[in-house]
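*Asks:* Just dropping this structure here.
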């Protein structure tokens, strides 16, 4: 959930900053957006990997108990 919120928040902040903060310090806002989106994508992908890993371990346990 945190990863999803970071990605959505980063994209929202990017659109907001593009429409309201057209100044010389746009690099700062770009870095904030990219960090938010990057951390969010990392959290989402690590959560997906852990879910798949957990499912594989559960399947192996069931297979060992029946076989």
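*Asks:* Might you let me know whether segment 25-43 holds any residue that is at pLDDT below 85 and outside any helix (DSSP H, G or I)?
*Replies:* yes
*Asks:* Evaluate segment 51-66: report whether one residue or more is in a helix (DSSP H, G or I) and surrounded by 11 or more Cβ atoms within 10 Å (Cβ to Cβ).
*Replies:* No, segment 51-66 contains no residue that is in a helix (DSSP H, G or I) and surrounded by 11 or more Cβ atoms within 10 Å (Cβ to Cβ).
The values are calculated or read from the model by the stated rules, or taken from the named source; none is laboratory data. In this text the structure is predicted, and so the values were computed from the model without any measurement. Positions of Cβ are backbone-derived with ideal geometry, glycine not excepted, and every protein chain shown enters the neighbour counts.
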